[in-house]
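A.B. asks: My questions will all concern the structure given below.
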Amino acid sequence: IKRVRGQFFKGLARMIEKNYLGCRDENVFFGLLLSFHDKADDNGKASPAESLNLAKMKTLVRELNKKYPRDTQIFSFFFRDRRYNESESTYMAWERKRGMIIEFNRLLKTGDDNGFSYIDTKRSILQTIKYVITIDHNELIPKDAAKKLIAAITHPLNTPRVNRELGIVEEGFGIIQPRMASIAHDGVKTILNSYVVGLSGWDSYSNMVSNICQDVFGYGLFLGKGIYDVDVLYNLLDGRFPNNTILSHDHLEGL
């Protein structure tokens, strides 16, 4: 959560709602994971504006659950406070985005909620979660794409086979990343967007470029949008790396 206007949080709630409407399956749940931006002063405590924004987001998630009532809670909210990081001399959410996934997996597998300062969820659901689909705050999952991702990662040929002695996946996949595309109108919002997005709305295969990591090192770069097996990531990554040693979690997950 950065210093943004309240409209951002309404947009975030709308995004979650749109993703839900595209996949109204009783076995799919939606969780919002957030933390404050880094802060070097005031012992990392939330400012009045940050506290207000956090309260707004809590209310918006509760309103979504009231709007779409179900026996099991559909929308959950998880929030992490800042901790002091000596390496960077600042207060920040532990290990930032990588830490968020590590601590979320730990919560799902063991019920350990020490990494979170606020949780709004039905606890009985958490330890039934086998797969997690990750997206960023401004992204949408196309209709029924979640079911297709789940079908792909559960296919017998894709089932991950883990070598626990080496701590690696030898066959199959612990993470699957789908094809991604930009929405046409996003490409013309700014001059920068037009350079980065390119010919949005066109078949991306007509603009193929080399994937350097794939070509040189034999692995793809994970872009943060995809599905992963909770057991695999938890068993292979939890506690495996010392703090403040990972520069790019995208490369780590790609490997």
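A.B. asks: Order ASP136, ASP81, ASP229, most accessible first, counting only protein heavy atoms with a 1.4 angstrom probe.
C.D. replies: Numbers: ASP136 45, ASP81 75, ASP229 10 Å².
Putting ASP136, ASP81, ASP229 in descending order of accessible area: ASP81, ASP136, ASP229.
A.B. asks: Report, in listed order, any pair from LYS66/LYS147; LYS10/LYS147; LYS45/LYS148; LYS39/LYS225; LYS66/LYS130; LYS39/LYS143 with a Cα-Cα distance greater than 31 Å.
C.D. replies: The pairs that break the limit, which is 31 Å between Cα atoms, are LYS45/LYS148; LYS39/LYS143.
A.B. asks: Could you work out which residue, out of ASN43, ASN158, ASN65, moves most in a Gaussian network model of the chain, that is, has the largest mean-square fluctuation with Cα springs under 10 Å?
C.D. replies: ASN43
A.B. asks: Among ALA145, ILE175, THR128, whose Cα lies farthest out toward the positive end of the dipole of segment 80-181, if unit charges sit on the beta carbon of Lys, Arg (+1) and Asp, Glu (-1)?
C.D. replies: Farthest towards the positive pole: ALA145.
A.B. asks: In the full protein assembly as shown, how much of PHE79 is accessible to a 1.4 Å probe, in Å² to the nearest 10?
C.D. replies: 0
A.B. asks: For the chain, which whole percent of the accessible surface, found with a 1.4 angstrom probe, sits on carbon and sulfur atoms?
C.D. replies: 54
A.B. asks: At 7 Å along Cα-to-Cβ for each site, give me the label-to-label distance between ASP38 and ASP136 in nm.
C.D. replies: Those two pseudo-labels are separated by 1.8 nm.
A.B. asks: Another one. At a Förster distance of 25 Å, what's the computed FRET efficiency of ARG62 paired with MET180, Cβ-Cβ distance as r, to 0.05?
C.D. replies: So the FRET efficiency works out to roughly 0.20.
A.B. asks: Considering only protein heavy atoms, with the full assembly of protein chains and a 1.4 angstrom probe, order GLU253, GLU88 by accessible area, largest first.
C.D. replies: The most accessible residue leads, giving GLU88, GLU253.
A.B. asks: Still on this structure, I have one more. Report the label-to-label distance for ASN158 and ARG240 in nanometres (one decimal), using points 7 Å from each Cα along the Cα→Cβ vector.
C.D. replies: 2.0
A.B. asks: Of the residues GLU170, GLU103, GLU17, which exhibits the maximal mean-square fluctuation in a Gaussian network model of the chain defined by a 10 Å Cα contact cut-off?
C.D. replies: Between GLU170, GLU103, GLU17, it is GLU170 that shows the largest mean-square fluctuation.
A.B. asks: Right, another one. On average, how much accessible surface per residue is there in segment 27-114, in Å², for a 1.4 Å probe, leaving out ligands, DNA and RNA?
C.D. replies: 51
A.B. asks: With each label point set 7 Å from Cα along the Cα-Cβ vector, what nm distance links ALA49 and VAL28?
C.D. replies: Placing both labels 7 Å beyond Cα along the Cβ direction yields 3.6 nm.
A.B. asks: Estimate the FRET efficiency between TYR118 and CYS213 by the formula 1/(1 + (r/R0)^6), using the beta-carbon distance for r and 41 Å for R0, to the nearest 0.05. Please report the intermediate quantities before stating the final value.
C.D. replies: Numbers: r = 36 Å, r/R0 = 0.89.
The calculated FRET efficiency here is 0.65.
A.B. asks: Could you please put HIS155, HIS251, HIS37 in sequence from largest to smallest accessible area, using a 1.4 Å probe?
C.D. replies: HIS155, HIS251, HIS37
A.B. asks: Which value, in debye to the nearest 20, gives the size of the charge dipole of the chain about its Cα centre, when Lys and Arg are +1 and Asp and Glu are -1 at the Cβ?
C.D. replies: So the magnitude is around 1020 debye.
A.B. asks: Still on this structure, I have one more. Quote the accessible area belonging to LYS18 in square angstrom, nearest 10, computed with a 1.4 Å probe and with ligands, DNA and RNA left uncounted.
C.D. replies: For LYS18, solvent-accessible area is about 120 Å².
A.B. asks: Only helices at least 27 Å long along their own axis, judged from Cα atoms, and with Kyte-Doolittle mean hydropathy of 1.0 or greater: name those in the chain from DSSP H.
C.D. replies: Helix filter hits for the chain: none.
A.B. asks: Only helical DSSP H runs with n ≥ 4 go in: add -39500 (n - 2.57) per run for the chain, normalise by residue count and round the 222 nm mean residue ellipticity to 500 deg cm²/dmol.
C.D. replies: -10000 deg cm²/dmol
A.B. asks: Still on this structure, please answer the following. Springs between alpha-carbon pairs under 10 angstrom, Gaussian network model over the chain: which of ASN114, ASN53, ASN19 fluctuates most?
C.D. replies: Answer for the Gaussian network model of the chain: ASN114.
A.B. asks: Report for the chain the percent antiparallel among DSSP-assigned beta bridges with both residues inside it, nearest 5.
C.D. replies: 75
A.B. asks: Related question: Which option, [x] 40; [y] 32; [z] 62, is the value of percent of Cα pairs over 28 Å apart that was calculated from these coordinates?
C.D. replies: Only one option fits the structure, namely [x].
The values are calculated or read from the model by the stated rules, or taken from the named source; none is laboratory data. Treat the numbers as computed from the prediction; the structure is a model and nothing was measured. No Cβ is skipped: glycine too gets one built from the backbone with ideal geometry, and neighbour counts run over all protein chains shown. Accessible surface areas use protein heavy atoms only, side chains included; no ligands, DNA or RNA. Shrake-Rupley method; radii C 1.70, N 1.55, O 1.52, S 1.80 Å.
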